[in-house]
Amino acid sequence: MGIAITTSDLESLYSQALEHYLAGGGEEALRGAYEVGRLALAGDVGLLDLAAFHHSALIRILADSQGQDEIRARFSAASQFFTECVSPYEMSLRGYRDAVAALRLLNETLEKEVKRIAHTVHDEAGQLLVVVYLALTEIAKDLTPAMQTRIKGVNDLLHQVEGHLRQLSHELRPTILDDLGLVPAVQFLADRVSKRSNLVIEVKAELDGRLLPGVETALYRIIQEALNNARRHSQGKNVWIQLDEDAGKTMCSIRDDGIGFQAQPYPSETGEKGLGLIGIRERLSAIGGTLQITSEPGRGTKLLIVVPKENSHANSHRARR
Ligand SMILES: Nc1ncnc2c1ncn2[C@@H]1O[C@H](COP(=O)(O)OP(=O)(O)OP(=O)(O)O)[C@@H](O)[C@H]1O
Ligand SMILES: [Mg+2]
């Protein structure tokens with residue numbers, strides 16, 4: 001494990017490296033600026049702090065400078081030093097953008113695959129069952145009435161299998177999500193979950209039209225996971241889902257009245273063993289949204305999701321570009 005570097009260590013490191021550069025340290029001193037920036041980034045020092053280090057070092061250096069020309073020359077060299085120092089931040093921002101784009105692509109690919117599986121289960125399994133019904137009807141013609149009754153029993157079971165497969169395919173990728181949008185799809189999901197658990201689920205929604213397809217899918221999957229968690233872990237009786245919009249934001253909250261848990265502000269390497277909450281955060285980073293979990297043992301759980309409107313609306317400027 002490396003030795004932790006403190007903010008004040010970094011501040012004096014910055015100041016020394018800047019002085020070295022201004023004293024004619026050249027390329028090697030400029031590499032020092034990059035190194036200080038890298039250390040600051042690794043130590044979670046924000047850009048504003050870095051600007052503050054620069055500001056106070058510069059004031060001190062300029063106070064010791066003689067004449068306008070020297071001040072001007074030092075000022076401009078110091079700006080070059082600062083630019084070099086923040087370049088690791090720029091690179092990390094680019095890396096973050098690339099990661100978000102990759103995540104979005106991965107989600108889209110997974111979603112396409114889920115769609116394909118849902119259609120296969122629905123169409124192909126459904127068609128195969130039709131062939132089986134026909135074959136059974138054919139066989140039944142040559143059988144005794146007693147055997148025909150037994151064949152009818154098999155037929156009834158097959159009808160149940162067909163019903164389950166249809167439900168499964170709709171839940172995997174509800175066609176209403178594509179055809180009618182998020183709110184009817186969430187309503188459909190809530191009804192299904194309610195029917196096979198003891199949860200009473202209330203859905204309230206005030207959305208102004210459709211959201212972008214990627215955002216509708218992400219919110220649908222997030223609500224699906226939140227309902228799964230409420231069903232499996234909460235021991236609660238009620239769930240409230242609310243979707244609305246306010247001052248440039250699309251908001252979604254899912255709240256239960258269950259036992260709650262010790263929520264971590266960020267996923268920790270040892271803390272969260274499951275994939276559900278991590279998956280929610282990943283889906284949100286891909287669409288520029290945030291997740292806030294409010295939960296305490298004995299006081300229920302609330303997930304609040306916020307997506308900036310410019311990322312979520314089909315009629316936003318960015319979406320039309
Ligand atoms: N609504 C809730 N009520 C109580 N505890 C919850 C709730 N949601 C999550 N938790 C707790 O947080 C943990 C992490 O949830 P997460 O969805 O990440 O994983 P999981 O549900 O255990 O597994 P997975 O989602 O991968 O099947 C759960 O194991 C549970 O202890
Ligand atoms: Mg889960």
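The values are calculated or read from the model by the stated rules, or taken from the named source; none is laboratory data. Note that this is a predicted model, so its numbers are computed, not measured. Heads up, the Cβs are rebuilt from the backbone with ideal geometry, glycines too, and the neighbour counts pull from every protein chain shown.
Figures for the structure shown
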quantity	calculated
Single match in L180, L219, L199 (criterion: within 22 Å of the chain's Cα centre (by Cα) and over 30 Å from T137 (Cα atoms))	L219
Where Q235 falls short, out of the listed (1) away from ligand 2 (no atom under 16 Å from the Cβ); (2) over 16 Å from E282 (Cβ atoms)	(1)
Tally, over region 152-208, of residues that are on the phi < 0 side of the Ramachandran plot and assigned to a loop (DSSP other than H, G, I, E, B)	9
Residue, nearest to ligand 1 (Cβ to nearest atom), within region 209-246, restricted to residues that are within 23 Å of D178 (Cα to Cα), part of a helix (DSSP H, G or I) and polar (S, T, N, Q)	N228
Residues satisfying the stated conditions in region 286-305, i.e. part of a strand (DSSP E or B) and within 10 Å of ligand 1 (Cβ to nearest atom)	I293, S295, T301, K302, L303
Close pairs from region 269-294: first more than 11 Å from V306 (Cα to Cα) and of a type in the set (K, R), partner more than 7 Å from ligand 1 (Cβ to nearest atom) and modelled with pLDDT under 90, Cβ under 7 Å, at least 6 apart	R281/P267; R283/N107
Matching helices (runs of 4 or more DSSP H) fully within region 24-140 where at least 3 residues are among the hydroxyl-bearing types (S, T, Y)	67-119
Conditions (1) more than 31 Å from the chain's Cα centre (by Cα); (2) closer than 30 Å to G279 by Cβ; number of the one not met by S65	(2)
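Yes/no matrix, rows are residues, columns are (1) modelled with pLDDT under 90; (2) within 21 Å of V200 (Cα to Cα); (3) away from ligand 2 (no atom under 16 Å from the Cβ):
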| position | (1), (2), (3) |
| --- | --- |
| N228 | no, yes, no |
| V239 | no, yes, no |
| D246 | yes, no, yes |
| K249 | no, no, yes |
| P267 | yes, no, no |
| L291 | no, no, no |
| R318 | yes, no, yes |
